[in-house]
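The structure under discussion appears below in the form of structure tokens.
The values are calculated or read from the model by the stated rules, or taken from the named source; none is laboratory data. These figures come from a predicted structure and were not determined experimentally. Here the Cβ is made from the backbone with ideal geometry for all residues, glycine too, and neighbour counts use every protein chain on show.
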Amino acid sequence: MPHNNNKGIGSFTHHYIPATQMGQQSPTLLLLHGTGGDENDLLDLGRMLAPGAALLSPRGNVLENGMPRFFKRLAEGVFDVPDLIQHTHELADFVESASRAYGFDADKVIAVGFSNGANIAASMLLLRPQVLAAAVLLHPMVPFEPEGIPDLTGKRVFIGAGRRDTLIPMQNTEQLVQLLQHAGATVEAHWHNGGHTITHEEIRDAKQWLNLYYKE
Ligand code: MLT
């Protein structure tokens, strides 16, 4: 059963599931849901990607017509950048506090985000890169154009994208790949022929990619 224990660590409703014996050496997955999701949405995905690993799954605390998100947007794909920046820092602070409260290794946190969750994870790579060791970004876009390029040397990023995504033009995802590479990250982009949804092959490829950090 997921733990729902805020332990006084900030304003995110969340689940924290400790690593099982088998997953003790593995990273903690930071699960970040899409618009209208919540802290339950990606638990199964996390279990599939890294069985036995610790899972930290917050619920976005911005509401759009009752749907939880991680930051405000002005229209589909048009972000309220000051709000995004503020919420990125808030989420990064939450991850750091959660690491102290639950005792997981702050140097081994890997974000796994879908859509809106992938966008705030990308924003965290740009603004607070020290919080994430790596990231799995499923259907992300460029969150904002950073003023300075962060140093992402040593960070690995897996991107899952759909050629028929009606929300995110291919060009935008390619721009994100270039931005992260320019910052020094090692990026692996996996394209499928579908739209704005997570596919089985994407999960399989992301799991394989994560194997470097985690052995079953
Ligand atoms: C966003 O708002 O982050 C993107 O438009 C994707 C989404 O709809 O969540």
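Quick grid of which residues meet (1) surrounded by 16 or more Cβ atoms within 10 Å (Cβ to Cβ); (2) within 14 Å of A111 (Cα to Cα):
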position	(1), (2)
L32	yes, yes
T35	yes, no
G46	yes, yes
A54	yes, yes
S57	yes, yes
N61	yes, no
E64	no, no
R69	yes, no
K72	yes, no
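Looking at A106, A101, which one is more than 13 Å from the ligand (Cβ to nearest atom) and in contact with a Ser or Thr (Cβ under 9 Å, 6 or more places away or on another chain)? If you could, list the steps in order and put the result at the bottom.
On the way: A101 fails: in contact with a Ser or Thr (Cβ under 9 Å, 6 or more places away or on another chain).
Step by step, each of A106, A101 is checked, and only A106 is more than 13 Å from the ligand (Cβ to nearest atom) and in contact with a Ser or Thr (Cβ under 9 Å, 6 or more places away or on another chain).
Quickly run through region 165-216 and pick out the residues that are without any contact (Cβ under 8 Å) to a residue 24 or more places away in the chain and either at positive phi or within 16 Å of the ligand (Cβ to nearest atom) (or both).
Matches in region 165-216: P169, M170, Q171.
Restricting attention to region 152-164, does a residue exist that is within 16 Å of the ligand (Cβ to nearest atom), over 14 Å from the mean Cα position of the chain (by Cα) and assigned to a helix (DSSP H, G or I)?
Taking every residue of region 152-164 in turn, none turns out to be within 16 Å of the ligand (Cβ to nearest atom), over 14 Å from the mean Cα position of the chain (by Cα) and assigned to a helix (DSSP H, G or I).
Consider region 187-204. How many of its residues are in a helix (DSSP H, G or I) and buried (at least 16 other Cβ atoms within 10 Å of the Cβ)? Full working, then the answer.
Let us first name the residues in region 187-204 that are in a helix (DSSP H, G or I), namely 200-204.
Now narrow it down to the ones that are buried (at least 16 other Cβ atoms within 10 Å of the Cβ): 202-203.
So the count comes out to 2.
Scan region 83-91 and give yes if some residue there is within 13 Å of P143 (Cα to Cα), surrounded by 16 or more Cβ atoms within 10 Å (Cβ to Cβ) and away from the ligand (no atom under 13 Å from the Cβ), otherwise no.
Yes, region 83-91 contains at least one residue that is within 13 Å of P143 (Cα to Cα), surrounded by 16 or more Cβ atoms within 10 Å (Cβ to Cβ) and away from the ligand (no atom under 13 Å from the Cβ).
Yes or no: G46 over 22 Å from L126 (Cβ atoms), within 16 Å of the ligand (Cβ to nearest atom) and either in contact (Cβ under 8 Å) with a residue 40 or more places away in the chain or part of a helix (DSSP H, G or I) (or both)? Before you say what the answer is, go through the steps one by one.
Working: over 22 Å from L126 (Cβ atoms): yes; within 16 Å of the ligand (Cβ to nearest atom): no; either in contact (Cβ under 8 Å) with a residue 40 or more places away in the chain or part of a helix (DSSP H, G or I) (or both): yes.
So G46 fails the test.
Given the conditions (1) within 19 Å of E145 (Cβ to Cβ); (2) within 13 Å of the ligand (Cβ to nearest atom); (3) modelled with pLDDT of 95 or more, report the number of the one that P68 does not fulfil.
(1)
Considering only region 6-40, state which residues are free of Cβ contacts under 8 Å to residues at least 60 places away in the same chain and not in a loop (DSSP other than H, G, I, E, B).
H15, I17, Q21
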